[in-house]
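Colleague: Here it is, the structure in full.
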Amino acid sequence: MLPAGLLPPSLASKLTSAEVVRDGLLRAKWQASHQTVGVYLVPASYHSEPEAYLAHAREMAQCPGAVGIFEAWADDGYCYVLTPWLHGTTLADADPAHPLRLDPETVAALLTPIAEALDAAHAKGLHHREVRPSRIVLAERSAVLTSYRGRTWRRAPLEEPFPDPKERHFDYLAPEVGTEHEGPPADVYALATIAFQLVSGKVPFHAASTAL
């Protein structure tokens, strides 16, 4: 059963059941195919141009190593993205008291598909903008990159609409993020930060504040 009053009409009409996994994410049955899907709900106000955001997400999803998208649209004040349901955990799910410490060869093998996905995106002129542990899912013995939340950062104090309590997302932002110099190298910086963290158990630098 759909949770009463939870889903906006344009979304409820596409699902036969849904449950909240965390803020901004549902696990649901898609009416069109009876598949289990992930449904990401992002307030349209989170993006200055919701349709441009959705077009960006669709293009990112076509890159090898990125999670595909079944359907994406904006209505009722939200952007909705339906993706395959991934049976796995993210890199942000590790216990903070016992951080992962992997050998460099394992980290290289784990993150190579992510690097290839970003290379493919950059070759198409795309910039993911939110490479961090909660966007990397360990599923079916490999890592995949989620692409549903990419956005253009603004030079201002910024809050996530659905923050992940297990990570400080500003620790993965390159110094040029939010400036006219921001581009694909910021994705490379973020991925290198994740690689450092997986080997050492900590990020190389902690952001002093959340102001861009």
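Colleague: What is the one condition in (1) touching a helix residue (DSSP H, G or I) at 6+ places or on another chain (Cβ under 9 Å); (2) in contact (Cβ under 8 Å) with a residue 24 or more places away in the chain that residue 68 does not satisfy?
Modeller: If we test residue 68 against (1) touching a helix residue (DSSP H, G or I) at 6+ places or on another chain (Cβ under 9 Å); (2) in contact (Cβ under 8 Å) with a residue 24 or more places away in the chain, just (2) comes out false.
Colleague: Give the range 180-212 a look and list any residue that's among the hydroxyl-bearing types (Ser, Thr, Tyr), surrounded by 13 or more Cβ atoms within 10 Å (Cβ to Cβ) and either touching a strand residue (DSSP E or B) at 6+ places or on another chain (Cβ under 7 Å) or modelled with pLDDT under 90 (or both), or say none.
Modeller: Within the range 180-212, 210 is the sole residue that qualifies.
Colleague: Kindly indicate whether residue 99 is surrounded by fewer than 14 Cβ atoms within 10 Å (Cβ to Cβ), touching a residue at least 60 places away in the same chain (Cβ under 8 Å) and part of a loop (DSSP other than H, G, I, E, B).
Modeller: Against the criterion (surrounded by fewer than 14 Cβ atoms within 10 Å (Cβ to Cβ), touching a residue at least 60 places away in the same chain (Cβ under 8 Å) and part of a loop (DSSP other than H, G, I, E, B)), residue 99 qualifies.
Results for (1) exposed (fewer than 13 other Cβ atoms within 10 Å of the Cβ); (2) in contact with a Leu (Cβ under 7 Å, 6 or more places away or on another chain); (3) over 19 Å from residue 146 (Cβ atoms); (4) touching a residue at least 12 places away in the same chain (Cβ under 8 Å), shown as yes or no for each residue.
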residue: 8; (1), (2), (3), (4): no, no, yes, yes
residue: 14; (1), (2), (3), (4): no, no, yes, yes
residue: 24; (1), (2), (3), (4): no, yes, no, yes
residue: 46; (1), (2), (3), (4): no, no, no, yes
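Colleague: Another question, if that's okay. Taking residue 76 as meeting all but one of (1) out of contact with any strand residue (DSSP E or B) (no Cβ under 9 Å at 6 or more places or on another chain); (2) of a type outside the set (Lys, Arg); (3) on the phi < 0 side of the Ramachandran plot, write down the number of the exception.
Modeller: All conditions are met except number (3).
Colleague: Against the definition (buried (at least 20 other Cβ atoms within 10 Å of the Cβ) and in contact with a Lys or Arg (Cβ under 9 Å, 6 or more places away or on another chain)), how does residue 91 come out, yes or no? If you could, list the steps in order and put the result at the bottom.
Modeller: Details: buried (at least 20 other Cβ atoms within 10 Å of the Cβ): yes; in contact with a Lys or Arg (Cβ under 9 Å, 6 or more places away or on another chain): yes.
Considered against the rule, which asks whether it is buried (at least 20 other Cβ atoms within 10 Å of the Cβ) and in contact with a Lys or Arg (Cβ under 9 Å, 6 or more places away or on another chain), residue 91 comes out as yes.
Colleague: Taking only the range 109-128 into account, find how many residues are touching a residue at least 40 places away in the same chain (Cβ under 8 Å) and either on the phi > 0 side of the Ramachandran plot or surrounded by fewer than 16 Cβ atoms within 10 Å (Cβ to Cβ) (or both).
Modeller: Going through the range 109-128 one residue at a time, the tally reaches 2.
Colleague: If a residue has to be of a type outside the set (Gly, Ala, Ser) and touching a Ser or Thr at 6+ places or on another chain (Cβ under 9 Å) to count, how many in the range 88-125 make the cut? Spell out the reasoning first.
Modeller: Narrowing the range 88-125 to residues of a type outside the set (Gly, Ala, Ser): 89-91, 93, 95-96, 98-107, 110-114, 116, 118-119, 122, 124.
Checking which are touching a Ser or Thr at 6+ places or on another chain (Cβ under 9 Å) leaves us with 90-91, 93, 99, 101, 110, 113.
Qualifying residue count, the range 88-125: 7.
The values are calculated or read from the model by the stated rules, or taken from the named source; none is laboratory data. Bear in mind the structure is a predicted one, so any value in this text is a computation, not a measurement. Cβ: placed from backbone, ideal geometry, glycine included. Neighbour counts: every protein chain shown.
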